[in-house]
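Below you'll find the structure, written out as structure tokens, and then a few comments.
The values are calculated or read from the model by the stated rules, or taken from the named source; none is laboratory data. No experiment lies behind these values; they were computed from the predicted model shown. Note that each Cβ is placed from the backbone with ideal geometry, even for glycine, and that neighbours are counted across all protein chains shown.
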Amino acid sequence: MRYLEYYSEGKLRRVRFTGVFETVQKKRGRSLAARRAIHKPQALGGALTRTMKRQAKRLSTRFRKLSEATTLIAPTATVGTTVVPTETVAIDGARVSEVRWMRSHHGMEIVREGRHGKVLMKAPDDSGDGIVAAFAGARALQERGNVGAAHPNFLRVVQRPGQSSRHASSQWALDNPGSPGVIGADVHALAAWTITEGDSAVRVAVLDEGVDTLHPHLRDSVAAEADFVDGNDHARPNGNDAHGTACAGIVVGKRKQTRGLARGVRLVAARIAKSDSQGFWIFDDFETADAIDWCWDDAKSDVLSNSWGGGHPADVISRAFERARTRGRAGKGAVIVIAAGNDQAEVDFPGNLPEMMTVGASNQWDKRKTRTSEDGENWWGSNFGDALDLMAPGVSIRATDIRGNRGYSSGLVTPDFNGTSSAAPHVAAAAALILSVKPTLDEYRVREILNETTDPLPGGKRLVGHGRLNVYAALRAARRE
Amino acid sequence: MNEDLYYYVGGKRIALEFDTKHVAIDLDRIESTALREEIEAVLEETEETGKTTRLRRKLHLAYKKDVRQGLRTRLEKTGALQPVFRHGRTLMVALPEVRIEVEKRKEGSSIEQMFGNEGPDVEIVNDQGNRLTIRPMTGSGLDALRLANEVEETTQPLMAQARFVRVVPKPG
């Protein structure tokens, strides 16, 4: 337990924090291994239980990337909101002279400048206890009376009530409340959306069994559509083909129930497959290749999301992908995202092609989805292999469903869309957000950023790639380019 | 027959294995009205039970056991059966079409010569300069596979591939 004081609304407030504080001592010249060695949680105001230790470790990745902070707290409360102090100070209406004063008297450095005179400053790494230093600095600056406001910068973990079903009563992939699973085992969408929700100049193509382009959650986003199966003048699916509609919703869903990760970008729908009555998809290699070419060339798609695959490789498809990757976006290259597959086996075609973004599925516990993972879905597991780039949420994903009662559910929304099919659109959306922030990046750099900014997951590179998608970290990295 | 059971991907041979349970029937290749009516009746009946799948336009995939031997033989003689291959749980049906891509096409190049008087009997379906789509006049998917292999082995273009329709397990 720890008492700290700060000013809020002109009054000095004394607040009590409980939980596990964890301080990472950053010292220049120290190896990563040494830093990990001193990364030990300290129990404050109670015994340090094994659960708390685990929780602290889990949250550490999230908060470090979220806040620039190196001191962490694992919330012990199971309901309500946990407020997490950091070593940073948020200053509003800061004059240059006050920022200099903070630097000279408290050793603080600017880590971010916001709009309208907002500045985020961070306590020095060698201050011993960064949180205490931040609180002291904020209080001192406020008491000088020369700024609009100065207070410690908090992170908040909001626990949503009433979520105990295994199904996706929330969009846990975007913001995981830990019920079920682990708080923070998500793509950090809420933080990412403080940077961008996507630019309408960016287009994501969903190549699938069709997209219900008249769906009220999607129709406003549709930029172009084409049918490479039946030659219709739209890309809407037949019968109960709902897969593509769910994929599209993960990217651009407009409503509160199905918020897309990149809802500001535009959708290109290409129908390349149809179902038979026995649970199989029918593809035509040439038509699929033509669809790929249409997506990057005619429909000017920046990102191609592909939740399909299987069978022997086909040059005609590989070459179309390669054209998209090298000639799309006026030579900067379209980003090709491909689902790894759900057989818990080696990644199959086209996910095994080089220079593609191949995506596996993680679950609510921030683990690779396997037939024996905690989620209880024992009928599928994420594919693995050298081709795997990264993981993204792929279990019980709430997404848009085709209209009528022939889809996965009877309404406009399905609560439990599954598979690497649902993981891939998350990464496609993340790529689109990166291009919204930095449209000048080439596709190779977009892939690098996505891979370099992941959160680590248990398992080696062959099983989990570089780790789980962290969109916020990716956008921050993109912004620095 | 066996030497044809492969195709090229990135210049490498990929072995193909015939599927023993299915037949792909191309109704467009049937000239006899009686034969056409007979097989259409079989397809209609099996489609209702979900045993037959329409792959594209007039091309259907059916279980071999649902098409009796005598009818299969007559269909084969008319060239209405297209080859079905299996790779794991994926079925691949070869269609009578080949797509060829070359780096730079010159008049009188080896690919051009191949389709001249000396070459196989083909129809050029689409000609976009460096991208060419051809059909063997026999209308056979197996001939398309052979043709693509021949082009690959004699001229090493960027790509020469027969057209496949895939039937893959549906994800999600």
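Answer yes or no: is there a residue in the stretch A:169-182 that is farther than 21 Å from A:Asn470 by Cα and touching a residue at least 40 places away in the same chain (Cβ under 8 Å). The answer is yes; a qualifying residue exists.
A:Gly249 meets each of the listed conditions (1) within 18 Å of A:Pro425 (Cα to Cα); (2) at pLDDT below 95; (3) within 13 Å of another protein chain (Cβ to nearest Cβ) apart from (2). The residues listed here are A:Ala235, A:Ala262; of these, the one that is among the small types (Gly, Ala, Ser) and in contact (Cβ under 8 Å) with a residue 60 or more places away in the chain is A:Ala262. Restricting attention to the stretch B:66-96, the residues that are outside any loop (DSSP other than H, G, I, E, B), in contact (Cβ under 8 Å) with a residue 12 or more places away in the chain and of a type outside the set (A, V, I, L, M, F, W, C) total 8. Within the stretch A:320-336, is there a residue that is under 16 Å from A:Asp208 (Cα atoms) and more than 13 Å from chain B (Cβ to nearest Cβ)? Within the stretch A:320-336, one or more residues are under 16 Å from A:Asp208 (Cα atoms) and more than 13 Å from chain B (Cβ to nearest Cβ).
B:Thr73 satisfies every condition listed in (1) modelled with pLDDT under 90; (2) away from every other protein chain (no Cβ under 11 Å) except (1).
Residues considered: A:Gln257, A:Gln278. Of these, the only one that is in a loop (DSSP other than H, G, I, E, B) and away from every other protein chain (no Cβ under 14 Å) is A:Gln257.
Of the residues making up the stretch B:16-47, those that are touching a helix residue (DSSP H, G or I) at 6+ places or on another chain (Cβ under 7 Å) and among the aliphatic types (A, V, I, L, M) are B:Val23, B:Ile25, B:Leu27, B:Ile30, B:Leu35, B:Ile39, B:Val42.
Restricting attention to the stretch A:314-335, does a residue exist that is under 24 Å from A:Asp416 (Cβ atoms), surrounded by 24 or more Cβ atoms within 10 Å (Cβ to Cβ), in contact (Cβ under 8 Å) with a residue 24 or more places away in the chain and not β-branched (Val, Ile, Thr)? Before the answer, list the steps.
At the first step, the residues of the stretch A:314-335 found to be under 24 Å from A:Asp416 (Cβ atoms) are none.
Within the stretch A:314-335, not a single residue is under 24 Å from A:Asp416 (Cβ atoms), surrounded by 24 or more Cβ atoms within 10 Å (Cβ to Cβ), in contact (Cβ under 8 Å) with a residue 24 or more places away in the chain and not β-branched (Val, Ile, Thr).
Selection over the stretch A:121-147 of residues that are under 13 Å from A:Val89 (Cα atoms) and at pLDDT below 80 gives a count of 1. Selection of the stretch B:131-161 for residues being of a type outside the set (Ser, Thr, Tyr), within 11 Å of chain A (Cβ to nearest Cβ) and either part of a helix (DSSP H, G or I) or in contact with a Lys or Arg (Cβ under 8 Å, 6 or more places away or on another chain) (or both) yields B:Arg131, B:Ala148, B:Glu152, B:Leu158, B:Met159, B:Ala160, B:Gln161. Scanning for something out of contact with any Lys or Arg (no Cβ under 7 Å at 6 or more places or on another chain), in a loop (DSSP other than H, G, I, E, B) and farther than 18 Å from A:Ser307 by Cα, does the stretch A:390-402 turn up at least one residue? Scanning the stretch A:390-402 turns up no residue that is out of contact with any Lys or Arg (no Cβ under 7 Å at 6 or more places or on another chain), in a loop (DSSP other than H, G, I, E, B) and farther than 18 Å from A:Ser307 by Cα.
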